[in-house]
């Protein structure tokens with residue numbers, strides 16, 4: 001489980017009003033960060049974090065270790081986030097099907113850094129690259145998006161992700177591989193398009 005949750009558990013064990021308050025604040029931050037990555041909207045994520053914490057205050061004493069608390073926290077936040085995302089006005093109009101998720105023949109991610117243009121606009125382009133990454137993640141089907149966020153962004157183990165999602169570890173590994181391939185290829189296509197524009201390949205003939 002990630003370090004923030006482990007630290008919060010230690011503060012809860014230590015007791016004291018101040019320690020408990022700090023622990024709950026830290027766990028709220030964890031719930032918000034996770035919900036922000038899954039939902040893609042800060043307003044929805046804030047609501048989900050608050051709802052999760054309200055439930056946590058009634059249940060924190062049940063978890064003697066970081067893993068137990070973390071698994072519970074992510075399960076609750078996941079459920080609330082997916083429900084909120086389905087009814088949110090911020091949800092994208094389209095998410096990928098499984099067929100769209102799979103790479104096309106010969107489409108291998110790699111060499112993306114070579115396509116990155118070196119010029120004074122690099123800072124702006126790097127920020128746009130982060131936006132493209134967020135869009136790619138949010139376009140993934142729910143099952144694949146959750147695996148990618150939990151495993152690569154929240155840095156949980158394959159075993160923990162499997163427990164949170166209620167699937168087998170081989171299923172986690174399969175979904176993670178497909179999600180990574182899609183995201184890498186999405187960024188690779190973006191970088192190549194930016195490189196073409198910078199090099200003038202898309203400029204009309206004069």
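The values are calculated or read from the model by the stated rules, or taken from the named source; none is laboratory data. As the structure is a prediction and not an experimental result, all values here were calculated from the model. No Cβ is skipped: glycine too gets one built from the backbone with ideal geometry, and neighbour counts run over all protein chains shown.
For the stretch 46-65, which residues satisfy the criterion of being within 25 Å of residue 159 (Cβ to Cβ) and surrounded by fewer than 19 Cβ atoms within 10 Å (Cβ to Cβ)?
Passing the criteria: 55, 59, 61, 62, 63, 64, 65.
Filter the stretch 154-172 down to the residues that are in a helix (DSSP H, G or I) and exposed (fewer than 15 other Cβ atoms within 10 Å of the Cβ) and list them by number.
Let us first name the residues in the stretch 154-172 that are in a helix (DSSP H, G or I), namely 158-165, 169-172.
Those that are in a helix (DSSP H, G or I) and exposed (fewer than 15 other Cβ atoms within 10 Å of the Cβ): 159, 169, 170.
Consider residue 30 against the criteria (1) touching a helix residue (DSSP H, G or I) at 6+ places or on another chain (Cβ under 8 Å); (2) over 21 Å from residue 137 (Cα atoms): it satisfies all of them except one. Which criterion is unmet?
Every condition holds for residue 30 apart from (2).
Give the number of residues within the stretch 173-198 that are loosely packed, with under 14 Cβ neighbours inside 10 Å and modelled with pLDDT of 85 or more.
Looking only at that region, the number is 1.
Confirm whether residue 201 is surrounded by fewer than 18 Cβ atoms within 10 Å (Cβ to Cβ), in a loop (DSSP other than H, G, I, E, B) and at pLDDT 85 or above.
no
Looking at (1) surrounded by 14 or more Cβ atoms within 10 Å (Cβ to Cβ); (2) modelled with pLDDT under 90, which one does residue 145 not meet, given that it meets all the others?
(2)
Would you mention how many residues in the stretch 33-78 are under 17 Å from the mean Cα position of the chain (by Cα) and within 25 Å of residue 167 (Cβ to Cβ)?
20
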